[in-house]
Amino acid sequence: NIASKQQPETTAPVTTTQTTAVTTSVPTTAVASTLPATTTTLPAPSTTLNIDGNNVVTTAGQVEPPEWQQIQQSQQAQQEAQSSFQALKDTVPKTTDEIIAAYVKGVNNLKKAENFTLHKDDKLNMSTDKMTGGTVVKTFVEQLMAKNQKQPITYTFTNGIDAATGKTPMDAIAPLGTAAALNADAVTDARSAIVDTQGSYTIKLTLKDEHQIYPEQAPAHSKIVEVVDVSSLLIGGITVTHLDILYSGTTIEATIDKDGRITKMTHYLPVSKAVCSGKYGPITADMEFHGEFTSVYTFTY
């Protein structure tokens, strides 16, 4: 080795003072002797000593914290995580009034916003349960379904206008053409939940059952969701003499970010029963149907 090569050529034994110096200059033995039996020694950064011109690399032992300290650190980390989660929970609306207020404010802020993108996907499913009037009424129902089936659409609002359609957010977001409003007495259930560590949360509102009786609107539904457009029924010279639509179990779900902005919302309107009577010239027709309407909004800012 390097050390032996640099020793003079002599038969005199190599003194042990160098070995002793190396041993006593490194605190490994001293540290280890003071540790509990259950403590393990881990590799530590190396130390280079220069002895008589020779570099000798040694290591000093590092130890894990004792078990009691590890437990304490783990408990402290859990407490900090719980405290952080609690802080997030405190920012989320909890009562029915708070949840309604957060949602209505989010929608109305969107209706006034100028620059964002909206993707809207509507689906209508309707089944006829009873129909009189023969082929005339059958044609009417087919026209009604065709007129109310919408393709997914993306609006890009710049300075409050979508150039492709000329629509504003007020026209594109339910309730169409008016500000959103909702009273607690129209809600049967309201709940919220945290969805991430950034402060986003979801809300769900369930509306009470409500009738839309022509020519009046459904009082609460028409102010918060997109209801059946009765004008779409007045096609092809048909006169509606009676229309009663029962919305049963309507729900609103929305995801709201930490800044109070809605990033996604879904309106689900089940029509449990609808009764319609009308005239087409001399022909009187009656129809009963049921169905569901789902509208999914996705917002990008």
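A few points about this structure:
- Qualifying residues in the stretch 205-233 (those that are assigned to a helix (DSSP H, G or I) and touching a Leu at 6+ places or on another chain (Cβ under 7 Å)) - the one most open to solvent (accessible area, probe 1.4 Å): LYS223
- Qualifying position, being surrounded by 12 or more Cβ atoms within 10 Å (Cβ to Cβ) and in contact (Cβ under 8 Å) with a residue 40 or more places away in the chain, among ILE194, ILE161: ILE194
The values are calculated or read from the model by the stated rules, or taken from the named source; none is laboratory data. Everything numeric in this text was worked out from a predicted model, so none of it was measured. Counting neighbours? That spans all protein chains shown, and the Cβs are built from the backbone with ideal geometry, glycine included. Calculation scope for accessible area: heavy atoms of the full protein, side chains included, ligands and nucleic acids excluded. Shrake-Rupley method; radii C 1.70, N 1.55, O 1.52, S 1.80 Å.
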